[in-house]
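The structure appears below as C-alpha cells.
The values are calculated or read from the model by the stated rules, or taken from the named source; none is laboratory data. All values reported here derive from a predicted model rather than from experimental measurement. Cβ placement follows ideal geometry from the backbone for every residue including glycine, while neighbour counts extend to all protein chains displayed. Protein only, heavy atoms only, side chains kept; ligands, DNA and RNA dropped before computing areas. Shrake-Rupley method; radii C 1.70, N 1.55, O 1.52, S 1.80 Å.
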Amino acid sequence: MFEIEAERPEHGPAIEALLDLSFGPGRYAKAAQRLREGNKAVPALCYVAFSGEGEKRRMVGALSFWPVVIGGVPGLMLGPLAVDPELRGKGCGIALMEKGLTDAKKLGYRLVILVGDAPYYARVGFGPVPYGRLTMPGPVDPSRLLYRELDIGAFGQAKGAITKPQDAASPHPER
C-alpha cells in the first residue's frame with residue numbers, strides 16, 4: 001500500500017509541507033527540536049513514503065533519525081514522524097518505523113529514544129523511560145519520553161541528559 005524510499009534532496013519541500021500539516025508551526029518549539037538544531041539527521045535513516053500511482057502518486061509519510069547521546073550512551077532520536085492526516089491508522093507510520101529501526105540496527109546503532117504517544121510507539125517496541133532517569137533539553141511530559149533497545153542491555157548504562165553528539169554532524173555511531 002505504501003512505497004518507502006530513501007529521502008532525497010528534492011523531497012525537502014514536500015516533507016516540510018507534510019510536517020506543517022501534521023504538527024503546525026508549534027513544532028519548532030518542542031524540546032526534541034533542541035536536539036535537531038545544529039545537528040544532522042543520519043542520511044541512511046531518512047525515509048519518505050508514497051501512496052498512489054502515476055499522477056495520483058503523492059508523499060504521505062516521512063521519518064528521520066538523529067544522532068544523540070542518551071545519558072552517556074550513543075544512540076538515535078526517532079522523529080519527526082509525519083503521516084498525512086487522511087491516512088493515519090493505515091500502517092504508514094508503523095512501516096516507516098519498522099524499516100528505520102531495522103536499518104539502524106544494521107548500521108550498528110543500539111539505542112533509540114523519542115518523545116511521543118506511548119500506546120502508539122509500543123507497537124514497534126518502545127517503552128517508557130523510568131521517571132527521572134533521562135532529561136531532555138527542555139520540558140517534556142515524562143510519560144512521553146520513550147526508548148527502545150536495538151541490542152539487549154543497551155539502555156542499562158543510560159542515565160542523565162540527552163544531548164547532541166560533540167560532533168553533531170557525525171552520521172555514524174561510536175562502535
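Between the helical axis of 92-106 and the longest alpha-carbon principal axis of the chain there is an angle of about 50 degrees.
Treating r as the C-beta distance of residue 102 and residue 55 and R0 as 35 Å, the FRET efficiency rounds to 0.65.
Restriction of the trypsin sites (Lys or Arg not before Pro) in segment 45-87 to DSSP coil positions whose beta-carbon has at most 14 other beta-carbons within 10 angstrom yields 57. Looking at the chain, the accessible area is 52 square angstrom per residue; that uses a 1.4 Å probe and ignores ligands, DNA and RNA. Taking 156, 91, 61 as the candidate residues, the one with maximal mean-square fluctuation in a Gaussian network model of the chain, Cα springs under 10 Å, is 156. To put it simply, the accessible area of the chain at a 1.4 Å probe is 54 percent carbon and sulfur. Estimated from helices alone, the mean residue ellipticity of the chain at 222 nm is -6000 deg cm²/dmol (sum of -39500 (n - 2.57) over DSSP H runs with n ≥ 4, per residue). Extension gain for residue 21-residue 90 works out to 23.1 nm (0.36 nm per residue, less the C-alpha to C-alpha distance). A Förster distance of 25 Å, applied to the separation of the beta-carbon atoms of residue 161 and residue 40, puts the FRET efficiency at 0.80. Here segment 62-167 is assigned +1 on the Cβ of each Lys and Arg and -1 on the Cβ of each Asp and Glu. Its dipole about the Cα centre then comes out at about 180 debye. Residue 141 contributes an accessible area of around 80 Å² to the protein surface, as traced by a 1.4 Å probe with all chains present. Relative to the dominant Cα principal axis of the chain, helix 12-23 is inclined by about 70°.
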